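The values are calculated or read from the model by the stated rules, or taken from the named source; none is laboratory data. Quick caveat: nothing in here was measured; it's all calculated off a predicted structure. Heads up, the Cβs are rebuilt from the backbone with ideal geometry, glycines too, and the neighbour counts pull from every protein chain shown. Side chains are part of the model used for accessible areas, which takes the heavy atoms of the whole protein and leaves out ligands, DNA and RNA. Shrake-Rupley method; radii C 1.70, N 1.55, O 1.52, S 1.80 Å.
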2 protein chains.
Amino acid sequence: MLDSPMTFHIDPQLERDSIWVCDLSLCQVRLRNDSRWPWLILVPKRPEVVDITDLSEADGAQLMAEIRSSHHAVMAWRHPLKTNIAWLGNVVRQLHIHVIGRREGDTGWPGPVWGIANPVPYTNTAIDTHVTCLRDWLIG
Amino acid sequence: MLDSPMTFHIDPQLERDSIWVCDLSLCQVRLRNDSRWPWLILVPKRPEVVDITDLSEADGAQLMAEIRSSHHAVMAWRHPLKTNIAWLGNVVRQLHIHVIGRREGDTGWPGPVWGIANPVPYTNTAIDTHVTCLRDWLIG
């Protein structure tokens, strides 16, 4: 059966560059596969969403709640100094929110991390460990 | 009289690099004084706020509403392709949210804009025009 055009899909580049962690009420949470920074990506599970205003007001409020939870999860998981939170969409248009742990002296500090070449993928063992830990923080 | 330590203040660097536009319910809205991109900065008028989770849940929901309004204002004011929305805080710790209009081929496209040297300040006449226009969009 063909999908309806209004079915939610993850952009192929987002899918290739990150690993599924869990589903929250609004967003799919993914781990960016680059061990240089502790980096989550939230993808609202709504079809055809590009700008924040393509979400309903209720979904916008829920997104803020899930951003806050993801900030807490990143801080608890890897104890960075702080998070950088952003949605840009210049390359991948589908709305996705970056929640990135930063510490003084990390790669690119104090600049932003997008576009810094040569990602360092996690090992399979590290992925299992991190995803298990993140699920505990995010959905208990 | 000395201010209470819990009085809201704008960080001096934020104040120097941007121009007051208007006050919304939660945030002060400022125009970044760099004409290369249409760029608003929202500063929640709460003392001692660094992370998004330093805001109450109600303030977080209000912030999302004001981000949406600011996105609409930037789109109506300068008709960019889209906005980039982010809070980083790596240099200036006080929580402030960037709402930046982007178009294909602008300075830095498709990368992020933070840290690109040599800002191009607006003329005084342009500031008056833009601030008036933005106030119309933001507070009617």
In sequence order, what are the phi-derived ³J(HN,Hα) couplings for segment A:110-121 according to the Karplus relation 6.51 cos²θ - 1.76 cosθ + 1.60 with θ = phi - 60°, rounded to whole Hz, with x for glycine and proline?
x, x, x, 9, 5, x, 7, 5, 6, x, 10, x
Cα shape, segment B:63-140, gyration tensor, a/c 1.5 rule
rounded
Here the correct list, in nm and shortest first, of distances from A:MET6 to the same site in the other copies, label points 7 Å along Cα→Cβ, is 4.8
Residue of chain A whose Cβ sits closest to the axis mapping A onto B, with distance in whole Å:
A:ALA86, 2
On the accessible surface of segment A:40-109, probed at 1.4 Å with all protein chains in place, carbon and sulfur together account for a percent value of 46 percent
Would you kindly work out, in nm and rounded to one decimal, the distances from the label point of B:TRP109 to those of the same position in each other copy, ordered shortest first, with label points 7 Å along Cα-to-Cβ?
3.4
How much accessible surface area, in Å² rounded to 10, belongs to the heavy atoms of A:LEU24 with a 1.4 Å probe?
30 Å²
Between B:LEU81, B:LEU26, B:LEU63, where does the largest GNM mean-square fluctuation fall for chain B, given springs only between Cα atoms within less than 10 Å?
B:LEU81
Ordering A:HIS9, A:HIS79, A:HIS98 from largest to smallest accessible area (1.4 angstrom probe), what's the sequence?
A:HIS79, A:HIS9, A:HIS98
Under the rule of at least 5 residues apart or a separate chain, name every residue whose amide H is placed under 5 Å from the amide H of B:VAL49.
B:LEU95
With each label point set 7 Å from Cα along the Cα-Cβ vector, what nm distance links A:SER35 and A:THR7?
3.6 nm
Value of relative contact order over chain B, rounded to a whole percent, pairs C-alpha under 8 Å and six or more apart
26 percent
Per DSSP H run of n ≥ 4, the term is -39500 (n - 2.57); total these for the protein assembly as shown, divide by its residue number, and report the mean residue ellipticity at 222 nm rounded to 500 deg cm²/dmol.
-10000 deg cm²/dmol
Between the alpha carbon centres of segment B:1-75 and segment B:96-140 the gap in Å comes to 15 Å
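What accessible area per residue, rounded to a whole number of Å², is obtained for segment B:1-135 using a probe radius of 1.4 Å? If you can, show how the numbers build up before the last one.
Details: 6060 Å² over 135 residues.
Per-residue value: 45 Å².
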List the residues whose amide H sits under 5 Å from the amide H of B:LYS82, counting only those 5 or more places along or on another chain, with H placed 1.01 Å from N in the peptide plane.
B:ARG102
Chains A and B: what accessible area do they bury, summed, in square angstrom to the nearest 100, with a 1.4 Å probe?
2800 Å²
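Rounded if a/c is under 1.5, else prolate if a/b beats b/c, else oblate: with a ≥ b ≥ c from the C-alpha gyration tensor eigenvalues square-rooted, which is segment B:8-81? Could you put the intermediate results ahead of the total?
Working: a/c = 2.34, a/b = 1.30, b/c = 1.80.
Cα axes put segment B:8-81 in the oblate bin.
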